Structures are given as C-alpha cells and as structure tokens.
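The values are calculated or read from the model by the stated rules, or taken from the named source; none is laboratory data. Only a predicted model underlies this, so the values are computations on that prediction, with no experimental measurement involved. Note that we place each Cβ from the backbone using ideal geometry, even for glycine, and neighbour counts take in every protein chain shown.
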Amino acid sequence: MIRDNTALPNEEDICLLESINSKDILRIAKNHNGKLGGLITILGDIQSEYGYLPEISFRIIADETGVPLVDIYGVATFYRSFSLKPQGKHLVCVCLGTACHVRRATMVVEELERQLGIKVGQTTSDGEFTLETVNCLGACAIGPVVTVDGRYFSKVDTTKVKAILEKVQAGLLEDEESLAAASDG
C-alpha cells in the first residue's frame, strides 16, 4: 500500500494515533510555552518525536498555550518542513527551481518515482521513503539538487539516483565520504 500524504486519515492512520502519547506532547508544549518562537519550536519537537504532526497535538498545544487552533494549523501548514501525515523514515526532496529544472530535475523526479514505486507526495508501503519536491533549496549553482534527510546531493542525474538510494538504505548518510562519492560518482 502506498501512503498519500495529502489524503484524509484512513484506518491505518487512525491506528497510528493510538501510539501517540498525549503526555509527551503536553511535556513538549510546557517546555516551550511562553518562549519566543515557542509555537514553531513546539511543532518542531513534536514532529521530531513522531515524524509528523498528529492532529491531537494541535488540540493539546491549543489547550496548553492558549493559541487558537486555527493559528496552530496555520503555522503547521505554512511551513513546508511540517507534515500533517506520517512520513517515511527517509525524506527525499528534489528541487524543481528554475536552475535545477533547466538541468533536468524533472527527469530525476521521474527516476526516483520509478525506483521507489511511488509518486511525489507519497510514502513507500514499507514506510522507508517519502518523496517530495520543492520550488527551491537555495543551492542553484550545484543543481539539480536532491536532499535526503537534510543531506544535499549535488549535480544529480538519473544515473546517480540508484547509488543515492543504495547509500541511504545501507545507512551511509552519516559517512561524508560515501555521501560525496554518491553525489560526485
């Protein structure tokens, strides 16, 4: 099954909610309440804990901070880094800004879709990968750019996609030499 990150929750997603610990969310909210940038920090910590922002967390934050639910939802949907749906263990993001686009980034997206067996905005059935695109990653000189879990791969073409995914699956993202080899080789 492929998880679509834009669809309404289904039974599987509701089951995931059962694993949400409201005490953890309350603790996070209390740690940052009243601090400058508190709401964004609260949302970031909750997403770090669960991999996305569960709906129940919005209600807990609203109750704890006094921030209206609509404002919390507005912040969570404004920033692209927040997700309202569970994401894969690895977030693969392809830049489609002008500089990357003219260097055939759309072909990189198509190759990632083919290799992962999903479309942009979806998560693989094993929960390993979520594929997203963005308008710009701010690395125009080294495009096309792909990020995986925040790590940048430069000058990516379709022949590099398989090597990048293999490095990720092998757990080599922390090994900077492997990262450079996957990107440059």
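For region 74-94: of the residues being assigned to a strand (DSSP E or B) and of a type in the set (A, V, I, L, M), which is farthest from Arg114 (Cα to Cα)? Let's see the steps before the verdict.
Residues of region 74-94 assigned to a strand (DSSP E or B): 90-94.
Adding the requirement that they be of a type in the set (A, V, I, L, M) leaves 91-92, 94.
Values: Leu91: 16, Val92: 14, Val94: 14 Å.
Applying the filter and picking the extreme gives Leu91.
Can you tell me which condition Thr106 does not meet? The list is (1) in contact with a strand residue (DSSP E or B) (Cβ under 8 Å, 6 or more places away or on another chain); (2) closer than 19 Å to Ala139 by Cβ, and all the others hold.
Unmet condition: (1).
Taking the condition of being among the basic types (Lys, Arg), part of a helix (DSSP H, G or I) and either out of contact with any Ser or Thr (no Cβ under 8 Å at 6 or more places or on another chain) or at pLDDT below 95 (or both), how many residues in region 128-185 meet it?
Applying the first criterion (among the basic types (Lys, Arg)) to region 128-185 yields 151, 155, 160, 162, 167.
When the remaining residues are screened for being part of a helix (DSSP H, G or I), the result is 160, 162, 167.
The next check asks that each one be either out of contact with any Ser or Thr (no Cβ under 8 Å at 6 or more places or on another chain) or at pLDDT below 95 (or both); those that pass are 162, 167.
Qualifying residue count for the region: 2.
Pick out the one residue from Leu39, Leu96 that is in the same structural domain as Lys162 (by TED's automatic domain parsing) and either surrounded by 15 or more Cβ atoms within 10 Å (Cβ to Cβ) or farther than 30 Å from Val146 by Cα (or both).
Numbers: Leu39 fails: in the same structural domain as Lys162 (by TED's automatic domain parsing).
Result: Leu96 is the single residue among Leu39, Leu96 that is in the same structural domain as Lys162 (by TED's automatic domain parsing) and either surrounded by 15 or more Cβ atoms within 10 Å (Cβ to Cβ) or farther than 30 Å from Val146 by Cα (or both).
Go through region 54-88 residue by residue and tally those that are crowded, with 19+ Cβ neighbours inside 10 Å and among the charged types (D, E, K, R).
Final tally of qualifying residues: 1.
Report yes if Thr77 is out of contact with any Lys or Arg (no Cβ under 8 Å at 6 or more places or on another chain) and either among the hydroxyl-bearing types (Ser, Thr, Tyr) or not assigned by TED's automatic domain parsing to the domain that holds Ile28 (or both), otherwise no.
Numbers: out of contact with any Lys or Arg (no Cβ under 8 Å at 6 or more places or on another chain): yes; either among the hydroxyl-bearing types (Ser, Thr, Tyr) or not assigned by TED's automatic domain parsing to the domain that holds Ile28 (or both): yes.
So Thr77 passes the test.
Enumerate the pairs (first residue in region 56-83 and within 16 Å of Asn31 (Cβ to Cβ); second residue anywhere and modelled with pLDDT of 90 or more and surrounded by fewer than 12 Cβ atoms within 10 Å (Cβ to Cβ)) with beta-carbon separation below 6 Å, excluding pairs fewer than 6 apart on the same chain, so at least 6 apart or on different chains.
Once the first residue is within 16 Å of Asn31 (Cβ to Cβ) and sits in region 56-83, no partner that is modelled with pLDDT of 90 or more and surrounded by fewer than 12 Cβ atoms within 10 Å (Cβ to Cβ) comes close enough.
Would you call Leu96 touching a Pro at 6+ places or on another chain (Cβ under 9 Å) and over 25 Å from Ile42 (Cα atoms)?
On the way: touching a Pro at 6+ places or on another chain (Cβ under 9 Å): yes; over 25 Å from Ile42 (Cα atoms): yes.
Yes: the conditions hold for Leu96.
Give just the number: which of (1) within 20 Å of Pro54 (Cα to Cα); (2) within 11 Å of the chain's Cα centre (by Cα) does Tyr73 not satisfy?
Only one criterion in (1) within 20 Å of Pro54 (Cα to Cα); (2) within 11 Å of the chain's Cα centre (by Cα) is unmet by Tyr73, namely (2).
So is Arg103 among the basic types (Lys, Arg) and surrounded by fewer than 17 Cβ atoms within 10 Å (Cβ to Cβ) or not? Before the answer, list the steps.
Values: among the basic types (Lys, Arg): yes; surrounded by fewer than 17 Cβ atoms within 10 Å (Cβ to Cβ): no.
It is false that Arg103 is among the basic types (Lys, Arg) and surrounded by fewer than 17 Cβ atoms within 10 Å (Cβ to Cβ).
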